[in-house]
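The values are calculated or read from the model by the stated rules, or taken from the named source; none is laboratory data. Just so it is clear, the structure is predicted and the values come from calculations on it, not from any experiment. Note that each Cβ is placed from the backbone with ideal geometry, even for glycine, and that neighbours are counted across all protein chains shown. Accessible surface is based on the protein model in full, side chains and every heavy atom, while ligands, DNA and RNA are left aside. Shrake-Rupley method; radii C 1.70, N 1.55, O 1.52, S 1.80 Å.
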Amino acid sequence: MEANNSRTDQGNAKYTAEQPYINPRKHSNKINNHPVAGGRLDLRARKPPRKLPRPQQQQQQPSKQNSTTQTKTNHNATQNDHHLTISLRQLCTDRQLIEESTGMRKRRRVLNDLEQMLVQWSHSLYPPHYTLPADTTTPTPPALLSFGSYRLGVHTPDADVDCLVLAPPHVTRDNFFSSWVDILKADGRVSELHPVASAYTPVIKFQMDGVKIDLIFARVGNSQWLRDHSLKKSGRRASDDVGGDD
């Protein structure tokens, strides 16, 4: 009896390790209807069908004719865009929405002259016995910077130019609204001079050769920084830096 039980346990272990045990009495319908050879059920696990690898699709290279057609299309689009840009610019110029090249050159010339006047005015304010630093041979000059619509290039022909004077430490705001205003009064090219020292943002409004200018003042305490900025500009014309691209 014990030998039979051990055989039964070994048989169950065999079915459990290799494949699940199927009771013929409980699954008689499945056994009878199963297509097996010799009337016996094949309990071996069936392997899934082997999947064949899909053939790799070759990338279609664009033909020479298609690339030529695309190049011609891009060339035509570029030409059309160029013609549309010219016509739009001419329309804005006729409607006085943008300034002509002659007006831009005039503004640059006026700002260049104004910067030279500021340099001479700043040098005249140095004390008589002022000693220059050992690392420089010329006094620190002021810098004239533009901002606003003119700096962005979106100004109209009758718009003013917003400018900022960065002055060295020896120049004060009182000098700006006193001796600098006297220099502007003495210049025959300047008209419509209105210094507004009591405003929230002190400004000097005037016209120079017909160009409207709003000039504000700021004193820079670091002479070395201002000197380095002036040296950076020395390789270019002042008119290119004022109102031009950096």
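Summary of values
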{"item": "Cross-chain or 6+ apart pairs with Cβ under 6 Å, region 163-179 first and touching a residue at least 40 places away in the same chain (Cβ under 8 Å), then of a type in the set (Lys, Arg) and not in a loop (DSSP other than H, G, I, E, B)", "result": "167/219"}
{"item": "Unique match (being without any contact (Cβ under 8 Å) to a residue 60 or more places away in the chain, open to solvent by 10 Å² or more (accessible area, probe 1.4 Å) and more than 30 Å from residue 101 (Cα to Cα)) among 160, 182", "result": "182"}
{"item": "Residue within region 96-118 that is over 19 Å from residue 187 (Cβ atoms), among the aliphatic types (A, V, I, L, M) and at pLDDT 85 or above present", "result": "yes"}
{"item": "In region 207-246, residue modelled with the lowest pLDDT [restricted to those that are polar (S, T, N, Q) and closer than 16 Å to residue 162 by Cα]", "result": "239"}
